[in-house]
Amino acid sequence: MLPLRHAQRICYVIIAVIGVPVNLVAIVILSRGKCGLSTCTTRYLVAMAAADLLVVIIEIILRRIKRYYFPVCFLDLTPVCRVIYLLMRVATNCSVWFTVTFTFDRFMAICCQKLKTKYCTGRTAAVVLATSCILLSLKNVPFYFALRPGEKVDNVQWFCYTIPGYYTEPGWVGFDWFDKVLTPLLPFAVILLLNALTVRHILVASRVRKGLRGESKGENGSDPEMESRRKSVILLFTISGSFILLWLVTVMEFLYYNITGTSPVDYNYSLYTFRQVGFILQNLSCCTNTFIYGVTQSKFREQLKSVVKYPVTSIIQIINNRTTERSPEAGRSVSSPGI
């Protein structure tokens, strides 16, 4: 177990060091609205970055890294760790479902032109995001009661452990299925379906537009509409594809212990390692979106450069101003009296 724990500690520290600043930068840049994206798209991406940031703070820093550097502290009080675990589940679910809502928004924008003007608005995005957050928060309330105290010292309850019947009692097994189907099995299916329909629509629309523009006969020319769709689809596919790849191990592990009837508590070293790798990849997905924006969106790269340069240029400007103020020539600007 020791090599695995060392590897986990290194991975989680790296995720925390990268995840916090990149998500903060993404929130700042996208909130300025200068990336050439629509208002609804911007709101979805900001919400995704905020949810990812919360996952990094709550799951990685307050739960994972804390175990290595602060084995016992006030965060281990049973009521506190229950709340932290509940918030972690809500943040993780929001991170996943905000990706789904963004995918659906892009599907409506590309494939449903008649509904685009009504659905793809900033107001609708705000309502969808707020409703999703409230419903996911309510859905995760049972997790607070799925944890039991580990120890009791001076009538104070410490630590949180999963109750013994979580993987065996019908009610909790049903809730676990509902939880995993809702996140991430259903998002997997919805994202794959919407992406497939989007690709199909784009291929058909592309052939029609080429026929109308005469490009099928050898006349080449730029098509601003198709270029805009191409950029939107690249952003959509890279975000959803990254989500699917990084959550795949977690989905496989869930299917394994439900099909075989093996409780994760009874895993051998290999299965335990597989499960922990799934957690690492799942949490890594909270750091990838900002890099995706940088690769796929030229205006986001421009804004990122300006954000990175701003502290440096500000420091240089302050130094130059102070140098000018202290210069000997600064006091010789008064003209001499006439004779």
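Checking 277, 295 one by one, the residue that is more than 15 Å from the chain's Cα centre (by Cα), closer than 30 Å to residue 5 by Cα and aliphatic (A, V, I, L, M) is 277 and no other.
Of the set (1) over 19 Å from residue 291 (Cβ atoms); (2) open to solvent by 60 Å² or more (accessible area, probe 1.4 Å); (3) free of Cβ contacts under 8 Å to residues at least 24 places away in the same chain, all apply to residue 7 but (2).
Residue selection: residue 44 fails the criterion of being in a helix (DSSP H, G or I), surrounded by fewer than 16 Cβ atoms within 10 Å (Cβ to Cβ) and aromatic (Phe, Trp, Tyr). Based on what the data block shows, is residue 75 of a type in the set (A, V, I, L, M, F, W, C) and either outside any helix (DSSP H, G or I) or in contact with a strand residue (DSSP E or B) (Cβ under 9 Å, 6 or more places away or on another chain) (or both)? Judged against the criteria, residue 75 is not a match.
Tallying residues that are within 21 Å of residue 279 (Cα to Cα) and assigned to a helix (DSSP H, G or I) within region 144-171 yields 3. Taking the criterion of being touching a residue at least 60 places away in the same chain (Cβ under 8 Å), in contact with a Ser or Thr (Cβ under 8 Å, 6 or more places away or on another chain) and not small (Gly, Ala, Ser), the residues of region 236-256 that qualify are 236, 239, 243, 247.
None of 185, 193, 245 is open to solvent by less than 80 Å² (accessible area, probe 1.4 Å), at pLDDT 85 or above, in a helix (DSSP H, G or I) and not aromatic (Phe, Trp, Tyr) except 185.
In a residue-by-residue description of region 111-123, the property of being assigned to a helix (DSSP H, G or I), closer than 23 Å to residue 290 by Cα and either open to solvent by 50 Å² or more (accessible area, probe 1.4 Å) or not acidic (Asp, Glu) (or both) applies to at least one position.
The values are calculated or read from the model by the stated rules, or taken from the named source; none is laboratory data. Since this is a predicted model, take the numbers as computed values, not measurements. Cβ atoms come from the backbone with ideal geometry, glycine included; neighbour counts cover every protein chain shown. Surface areas here come from the heavy atoms of the whole protein model, side chains and all, with no ligands, DNA or RNA. Shrake-Rupley method; radii C 1.70, N 1.55, O 1.52, S 1.80 Å.
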